[in-house]
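A quick write-up on the structure given underneath.
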Amino acid sequence: MTASPLAAAAAERAQHVRQRADRPSQRRSAEQAGSRAVVRAALSGVQVRDAGDGGPLEFLGHASVYEQGYEMWDMFGPYTEIVSQGAGADSLARADLDVPLVLGHDQLRRLARTTTGTLVLAEDESGLSVHAPALDPTDHDVAYIAPKLRAGLIDEMSFAFRIESGQWSPDYTEYRINRYDIHRGDVAIVGYGANPHTGASMRQSAAAPVSSRARALLEIALAR
């Protein structure tokens, strides 16, 4: 009986990986060599609400959901990857944290940025939450992506980061990321994804700021 691709890859990995704490070699998001090593996740329940006054748009979402497995690839083949709860705490606590919200991981298509106060990243019960409270609807990229989100043509997010600490399972079929660094990485709205567990919303911002409790309830509801 022929072993499954996951089992075959795990067998090869077990013979060549020196320590379980070693990071995946040639880590990528797809089978094809050279694919980007980014975690992607579907944005269930995407909404774009227009108040009709041309005001700023508010974006809420999750770029990754913790404790949920998704498929990744290394030099040996497929494996399941999981981001541990709290894995980004140290990185997100940096006073100089610099992370943009971009389209398709294109650094020239920035919608918001932590250093300008237009993007807030945090860990919550679900994972890595993304909040851009006031996107400019006249910005070319915002105007481009908003109707696609509204129509459900684009409904996924991703984040780019560096693995700082992790460990393989005893059978080498699963890799758990225990600590990552997102400084000078990004959170991105993308076309396709492997992790189907996050939620997001884009809507017309109200004149008054959204309370943290109300925003948290909205994000949790959309993440289900």
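Tabulated results
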{"quantity": "Likely footprinting exposure, 70, 180, fewest C-beta neighbours within 10 Å first", "calculated": "70, 180"}
{"quantity": "Ranked list, fewest to most other Cβ atoms within 10 Å of each Cβ, for 79, 144", "calculated": "144, 79"}
{"quantity": "Local electrostatic count, residue 103, Cβ distance below 13 Å [Lys/Arg +1, Asp/Glu -1]", "calculated": "-2"}
{"quantity": "Using a Förster distance of 41 Å, the FRET efficiency for residue 94-residue 3 (Cβ separation, nearest 0.05)", "calculated": "0.40"}
{"quantity": "Gain in span if fully extended, residue 113 to residue 144, counting 0.36 nm per residue against the direct Cα distance", "calculated": "9.3 nm"}
{"quantity": "Under the Karplus curve 6.51 cos²θ - 1.76 cosθ + 1.60, θ = phi - 60°, whole-Hz ³J(HN,Hα) for region 75-82, x wherever Gly or Pro sits", "calculated": "5, 9, x, x, 7, 9, 10, 9"}
{"quantity": "Sorted by Cβ density within 10 Å, fewest first, the residues 189, 163, 182", "calculated": "163, 182, 189"}
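FYI, it's all coordinate maths here, none of it is from the lab. This one's a predicted model, so the numbers in the text were calculated from it and none came from an experiment. Glycine gets a Cβ as well: all are built from the backbone with ideal geometry, and neighbour counts include every protein chain shown.
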